[in-house]
Amino acid sequence: MTALIEPPTQLDELLARSAALHSHLCPRQVLGARMGLLAGQALGMTVPRTDKKLMVLAETDGCFADGLSVVTGCWLGRRTLRLLDHGKVAATFVEVRTGQAVRIAPHTDLRTRVRAGRVDGEKRWDAYMNAYQTWNDQELFTVTPVRLTFDLAAVISVNGKRVLCNACGEEIINEREVRHGEVVLCRDCAGERYWQ
């Protein structure tokens, strides 16, 4: 008798892609992937996307962001993934045309519940991997409709906009300059430098 082998799910395929990109699979990648799938449902959008109609605001980097990117199709290089480093495994997903947005985060007691439910001898890491892949969305996440507090159009900007900083002469793209009357400055020269 031949055993029936179930076809891989969309999640399995996406996690395999994320693992290949990241050189391993870990719990935070799974959370990022699951959040991306849930965001697609919440916003009524198919994922992954290639049309720049979805923007993801990730609240931390690392493995989590890789899971988000693979599932949503949003990447730094496509200007559809933004890092707002708040040190939280959470993200806000924005339908760019309408501005509709949802913030998805793990339940605050998720890790505690996973640890409490592990079987004798099971390592925490294995318990997280199993729970994050098998628990339903409601057990894992909160989904909160949100309104952005910044101008989304300004973040997206206009393709091809370039100016030179009047102080250092470096090129500034994507309308990120600071203007003081007729003076055009890069953020570094305007006092927002992150380096010395």
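Tabulated data for the structure shown
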{"read-out": "Among residues of segment 8-18, those that are among the hydrophobic types (A, V, I, L, M, F, W, C) and either buried (at least 17 other Cβ atoms within 10 Å of the Cβ) or not in a helix (DSSP H, G or I) (or both), counted", "value": "2"}
{"read-out": "Qualifying residues in segment 168-180 (those that are over 27 Å from the mean Cα position of the chain (by Cα) and at pLDDT 95 or above) - the one nearest to L76 (Cα to Cα)", "value": "E171"}
{"read-out": "Cβ pairs under 7 Å, 6+ apart, first in segment 102-117 and closer than 12 Å to Y132 by Cβ, second assigned to a loop (DSSP other than H, G, I, E, B)", "value": "P106/V89"}
{"read-out": "Some residue of segment 151-161 being at negative phi and either of a type in the set (S, T, Y) or at pLDDT 95 or above (or both)", "value": "no"}
{"read-out": "Odd one out for L31, checked against (1) at pLDDT below 95; (2) in contact with a Pro (Cβ under 8 Å, 6 or more places away or on another chain)", "value": "(1)"}
{"read-out": "Identity of the residue in segment 177-196, out of contact with any strand residue (DSSP E or B) (no Cβ under 7 Å at 6 or more places or on another chain) and surrounded by 13 or more Cβ atoms within 10 Å (Cβ to Cβ), that ends up nearest to L43 (Cα to Cα)", "value": "D188"}
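Table: residues versus (1) among the aliphatic types (A, V, I, L, M); (2) in contact with a helix residue (DSSP H, G or I) (Cβ under 7 Å, 6 or more places away or on another chain); (3) free of Cβ contacts under 8 Å to residues at least 60 places away in the same chain.
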residue: V119; (1), (2), (3): yes, no, yes
residue: R124; (1), (2), (3): no, yes, yes
residue: Y128; (1), (2), (3): no, yes, no
residue: A131; (1), (2), (3): yes, yes, yes
residue: F141; (1), (2), (3): no, yes, no
residue: P145; (1), (2), (3): no, no, yes
residue: V155; (1), (2), (3): yes, no, no
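The values are calculated or read from the model by the stated rules, or taken from the named source; none is laboratory data. None of these values were measured; they are calculated from a predicted model. Methodologically, a virtual Cβ is constructed for each residue, glycine included, from the backbone with ideal geometry; neighbour enumeration extends over all protein chains shown.
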